[in-house]
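Accompanying notes for the structure given below.
The values are calculated or read from the model by the stated rules, or taken from the named source; none is laboratory data. Keep in mind that what you see is a predicted model, and the values were worked out from it rather than measured. So basically every Cβ, Gly included, is an ideal-geometry build from the backbone, and we count neighbours across all protein chains shown.
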Amino acid sequence: MQNKVTIKDIAKALGVSISTVSRALKDHPDISESTKTLIKNFAQEINYRPNVLALSLRQQKSHTIGLIIPEIVHHFFSSVISGMEDLSYREGYNIIICQSCCQQLRPSVSDRPSVSDVPPTKWVSERVLKCLNNSISSFYKK
């Protein structure tokens, strides 16, 4: 297995600081166009890919939404998953899907749950919640 290239490797190879490489890759205005071009071309040449996990830790944001559903085979839930994936992808989020597989967690028709009744750890775009609430409401109206 080949070691992944880091911004430290790029900095060392080009004789610049790690922060210069980081800023150049993010198009920071304090870095000259010639330096940005040099760093970006070299990064592309050596197939540099940012470490998404490290970036998430640094920014303290995972851009991930966890979705727990009772059963994937049900048409309603597969439709919700499809809609959420489309919307979350456009907003820069990933989805992790998990089945609860527990009868007690499956909602009965009389319960009419609302997505906003279950507070997420970090609030997601208002559009996602609105989309889910509308989907749930239309499902129970059938």
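Key figures for this structure:
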{"quantity": "Residue, nearest to T6 (Cα to Cα), within the stretch 81-100, restricted to residues that are modelled with pLDDT under 85 and over 13 Å from the mean Cα position of the chain (by Cα)", "calculated": "C98"}
{"quantity": "Sole exception among (1) part of a loop (DSSP other than H, G, I, E, B); (2) exposed (fewer than 11 other Cβ atoms within 10 Å of the Cβ); (3) aliphatic (A, V, I, L, M) for V5, by number", "calculated": "(2)"}
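Each row is one residue, and each column tells you yes or no for (1) modelled with pLDDT of 95 or more; (2) under 23 Å from the mean Cα position of the chain (by Cα); (3) in the same structural domain as Y93 (by TED's automatic domain parsing); (4) closer than 30 Å to C98 by Cβ.
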{"position": "L14", "(1), (2), (3), (4)": "yes, no, no, no"}
{"position": "S17", "(1), (2), (3), (4)": "yes, no, no, no"}
{"position": "S22", "(1), (2), (3), (4)": "no, yes, no, no"}
{"position": "L38", "(1), (2), (3), (4)": "yes, no, no, no"}
{"position": "F42", "(1), (2), (3), (4)": "yes, no, no, no"}
{"position": "L55", "(1), (2), (3), (4)": "no, yes, no, yes"}
{"position": "Q59", "(1), (2), (3), (4)": "no, yes, no, yes"}
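Residue-by-condition table, conditions (1) surrounded by 11 or more Cβ atoms within 10 Å (Cβ to Cβ); (2) not in a loop (DSSP other than H, G, I, E, B):
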{"site": "V21", "(1), (2)": "yes, yes"}
{"site": "F42", "(1), (2)": "yes, yes"}
{"site": "L53", "(1), (2)": "no, yes"}
{"site": "I65", "(1), (2)": "yes, yes"}
{"site": "I68", "(1), (2)": "yes, yes"}
{"site": "V73", "(1), (2)": "no, no"}
{"site": "S82", "(1), (2)": "no, yes"}
{"site": "Y89", "(1), (2)": "yes, yes"}
{"site": "I96", "(1), (2)": "no, yes"}
